[in-house]
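Here it is, the structure, as structure tokens.
The values are calculated or read from the model by the stated rules, or taken from the named source; none is laboratory data. Treat the numbers as computed from the prediction; the structure is a model and nothing was measured. Reconstructed Cβ throughout: ideal geometry from the backbone, glycine too, with neighbour counts over all protein chains shown.
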Amino acid sequence: MSETTVLSLDEIPKKQDFGEKPTKRRESDNYQAEYVKNFVERWDELIDWEARADSEGRFFIDQLKELGKHKVLDVATGTGFHSVQLLNAGFNVTSADGNGQMLIKAFDNAKKYGHVLQSVHADWRWLNRDVDGRYDAVICLGNSFTHLFDEDDRRRCLAEFYSVLKHDGVLILDQRNYDNILDKGFSSKHKYYYCGDKVSAEPVHIDDGLARFEYAFSDGSKHHLNMFPLRKKYMRNLLLESGFQTVETFGDFQETFHDDEPDFFVHVVKKSYAKNPDEAE
Ligand SMILES: C[S@@+](CC[C@H](N)C(=O)[O-])C[C@H]1O[C@@H](n2cnc3c(N)ncnc32)[C@H](O)[C@@H]1O
């Protein structure tokens, strides 16, 4: 993709099309054409806002409040779940996403909760070109970072997230427990994130460079996402190599866990030096 473009709404295809060899599609730009209108319309069936709010509880709100953060940039807004939760809790939120269909859906969802979303159509790789100001916190949630296939893109995006944060800012980024999927095969408690009970989300192909998931809905329709399976240790190192000072990793929102238990990891990543060296992991 050229530096100036995120796809306009007209340019987003009507249907997903991975070509003849879907497992060969391993590009960071894929996300723009993967989140087509039909899939975006159904996304909230997949995640079920109420069940997800129950399962996540106040985790993100409490993390941000405990750290005294107020001005938040949601870089992977999607249909707006976390932006709306944070707006409801009184945070100042800017909602960015590189996919226009997602932003439209997020805007409509936020309206239902009485909010006018401050939204920015921006790809993470050029985030600071499109987003003004500095933020207390950046959130990149819902297993979104996995959309980046090239290591250069990952490093570039983390540099952009770092740069858009104030000097003592915090990045909260989550991911699936891909170590488990790669090493032991897929299983899910379906307790977090994909909470909808009428939709299945299962991998149809896994190798070290690709996790291709199929999302099957009750009416028989199917959509797919091609994602890069980020290992936890790799992700934590990448965050530290990008200049962040500390990474604290939670497993399914718990501080202590065995690595093979959680479905999801959440990394709470600080930009500033820890005053107390014991705070650094
Ligand atoms: C799996 S969805 C998650 C949405 C939401 N955070 C949630 O938890 O429901 C991933 C989102 O990341 C966005 N995204 C992926 N890669 C991106 C990039 N390079 N720049 C901007 N947005 C991106 C997609 O458009 C999509 O809305």
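Could you pull out the residue among 7, 103, 46 that is outside any helix (DSSP H, G or I), within 11 Å of the ligand (Cβ to nearest atom) and not small (Gly, Ala, Ser)? Break it down stepwise before answering.
Details: 103 fails: outside any helix (DSSP H, G or I); 46 fails: outside any helix (DSSP H, G or I).
Going through 7, 103, 46 in turn, the sole match is 7.
Filter region 106-122 for residues that are more than 9 Å from the ligand (Cβ to nearest atom) and closer than 18 Å to residue 47 by Cα; which is surrounded by the fewest Cβ atoms within 10 Å (Cβ to Cβ)?
Across region 106-122, the extreme among qualifying residues is 112.
While we're here: Grab the helices (runs of 4 or more DSSP H) fully contained in region 124-242, keeping just those with 2 or more residues being under 19 Å from residue 266 (Cα atoms) and not basic (Lys, Arg). Walk me through it before giving the result.
On the way: elements: 127-130, 151-164, 178-184, 232-241.
Those helices (runs of 4 or more DSSP H) span 151-164, 178-184, 232-241.
Also, I was wondering about something else. So which of 216, 211 is in contact (Cβ under 8 Å) with a residue 40 or more places away in the chain and either at negative phi or touching a strand residue (DSSP E or B) at 6+ places or on another chain (Cβ under 7 Å) (or both)?
Working: 216 fails: in contact (Cβ under 8 Å) with a residue 40 or more places away in the chain.
Step by step, each of 216, 211 is checked, and only 211 is in contact (Cβ under 8 Å) with a residue 40 or more places away in the chain and either at negative phi or touching a strand residue (DSSP E or B) at 6+ places or on another chain (Cβ under 7 Å) (or both).
How many residues are within 11 Å of the ligand (Cβ to nearest atom), assigned to a loop (DSSP other than H, G, I, E, B) and among the aliphatic types (A, V, I, L, M) if we restrict to region 63-85? Working first, answer last.
Filtering region 63-85 down to residues within 11 Å of the ligand (Cβ to nearest atom) leaves 74-85.
Subset that is assigned to a loop (DSSP other than H, G, I, E, B): 75-80.
Going one step further and asking which of them are among the aliphatic types (A, V, I, L, M), we end up with 75-76.
Count: 2.
Answer yes or no as to whether residue 32 is over 15 Å from the mean Cα position of the chain (by Cα) and crowded, with 17+ Cβ neighbours inside 10 Å.
In short, no.
Sticking with this one: Would you confirm, using the coordinates I've provided, whether residue 57 is in contact with a His (Cβ under 7 Å, 6 or more places away or on another chain) and modelled with pLDDT under 95?
no
Filter region 41-60 for residues that are farther than 12 Å from residue 78 by Cα, surrounded by fewer than 19 Cβ atoms within 10 Å (Cβ to Cβ) and of a type in the set (Asp, Glu) and give the result.
Selection gives 45, 50, 54.
Next question, about the same structure. Does residue 94 qualify as being within 15 Å of the ligand (Cβ to nearest atom), within 23 Å of residue 200 (Cα to Cα) and at pLDDT 90 or above?
Details: within 15 Å of the ligand (Cβ to nearest atom): yes; within 23 Å of residue 200 (Cα to Cα): no; at pLDDT 90 or above: yes.
Against the criterion (within 15 Å of the ligand (Cβ to nearest atom), within 23 Å of residue 200 (Cα to Cα) and at pLDDT 90 or above), residue 94 does not qualify.
Evaluate the following for residue 129: is it within 15 Å of the ligand (Cβ to nearest atom) and over 18 Å from the mean Cα position of the chain (by Cα)?
Here the answer is yes, as residue 129 does meet what is asked.
Give the number of residues within region 122-156 that are more than 19 Å from residue 81 (Cβ to Cβ) and of a type in the set (Gly, Ala, Ser).
1
A quick yes/no check of all residues on (1) touching a residue at least 24 places away in the same chain (Cβ under 8 Å); (2) of a type in the set (A, V, I, L, M, F, W, C):
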position	(1), (2)
71	yes, no
81	yes, yes
87	yes, yes
93	yes, yes
101	yes, no
104	yes, yes
112	no, no
